[in-house]
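Here's the structure we're looking at; comments come further down.
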Amino acid sequence: MTHIRIISPSGVIDPSYIDGAINRLRAWGYIVSEGAHARDAWGRFAGTDEDRLSDLIAALQDPSVDAILCSRGGYGLQRIIDRIPPITKPIIGFSDITALHQIAGLAQQPSLHGIMCKHIATLPEESEELQLFRKALAGEPLEYRLPNHPLNRFGEAYAPIVGGNLSVLYGLQGTPFGLSKFSYQFPILLIEDIGERHYHIDRMMRNLRMSGVLAHLSGLIVGRFTDCDEDPLMKQTVYETIKEAVADCDYPVIFDAPFGHVEHNLPLWQHRHASIHCGADGVLLTNSL
């Protein structure tokens, strides 16, 4: 991987974050280019639907581009997802970029759930988040040792990782890009979210349960649910709500994992196998390209 193209397929971004990300990636030795509309603004979107789509297609069709870094998430991919061609190279990002990870999964194309331009530009060079992201880009194996959470369910799993933002996944249910459309039957599911009501999280988890998604997993990684306030009327915490949705399943479940809308957002290769060992002494999660 030598040439990274930056595009903005979702929300509008502060151009200074693109500049900072370009400078840092070039300092690491990468060739970096950007889409023609990466800095555009059209309401909440980084350009019109047609402009954002054209940048994505151009990056996919350019044989010199090895990977596509999405500048930020936000919202926008739901408006163009049904016009996106097959994903044929790694997509990098999270949040709304979950939609692109889903398309990549249809072809079992590896994609990187990880930080985008703001954090690439602003995190200290020595930060764990940035160093692990650099390691992931280089194709080096990832190994995470996580402390045990009281709600964790012990066990072991070895399967491809899928998923990302829970709200985006919920919005894709019943479409050709839903979680049930992958050729592998028992993946490890990653979920995270930001700013959602407690009862809405319950609604989304119940949807995944009733649609059979949760019953056909090898494991569940519950990332950070940022600014998702606990609702005392639900009579349980957000994490307890998630645990209840998978109570009748027997695979390992990891809670409060360092993935999601937080600064400490570590990279994971999706549509590539991961290994989970979850026990009383903590969690060992390994993943590689």
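Fewest to most neighbouring Cβ within 10 Å: what's the order for Asp256, Asp55?
Ascending number of Cβ neighbours within 10 Å: Asp256, Asp55.
Angle between the Cα long axis of helix 49-61 and the longest principal axis of the chain, 0 to 90 degrees, nearest 10?
80 degrees
Below 8 Å, C-alpha to C-alpha, sequence gap of six or more: please give me the relative contact order for segment 86-200 in percent.
28 percent
Starting from the Cα coordinates of segment 82-238, work out the convex hull volume and express it per residue in Å³.
Expressed per residue, the convex hull around the Cα atoms of segment 82-238 is 144 Å³.
Report the gain in length on full extension from Met210 to Gln185: 0.36 nm times residue separation, minus Cα-Cα distance, nm rounded to one decimal.
Going from the current span to full extension adds 7.3 nm.
From a point 7 Å beyond the Cα of Asp49 in the direction of its Cβ, which residues of segment 79-108 have a backbone N at a distance under 13 Å?
Taking a point 7 Å out along Cα→Cβ of Asp49, the residues of segment 79-108 whose backbone N falls under 13 Å are 79-84.
To the nearest 10 degrees, how steep is helix 198-210 against the longest Cα principal axis of the chain, on a 0 to 90 scale?
Roughly 80 degrees, rounded to the nearest 10.
What FRET efficiency, computed as 1/(1 + (r/R0)^6) with R0 = 35 Å and r the Cβ-Cβ distance, is obtained for Leu289 and Phe154, rounded to the nearest 0.05?
FRET efficiency, Leu289 to Phe154: 0.80.
Taking only C-alpha pairs under 8 Å that are 6+ residues apart, what is the relative contact order of the chain in percent?
20 percent
Hey, could you grab the Kirkwood Rh for segment 3-137? Inverse mean 1/r over distinct alpha carbon pairs, Å, one decimal.
It is 14.5 Å.
In Å and whole numbers, how far do the C-alpha atoms of the chain stretch along each principal axis, longest first?
Taking the Cα atoms of the chain, the three principal extents are 49, 36, 36 Å.
Since every read-out is calculated from the coordinates, none of them should be taken as a lab result. All values reported here derive from a predicted model rather than from experimental measurement. All Cβ positions, even for glycine, are placed from backbone atoms using ideal geometry, and neighbour counts span all protein chains on display.
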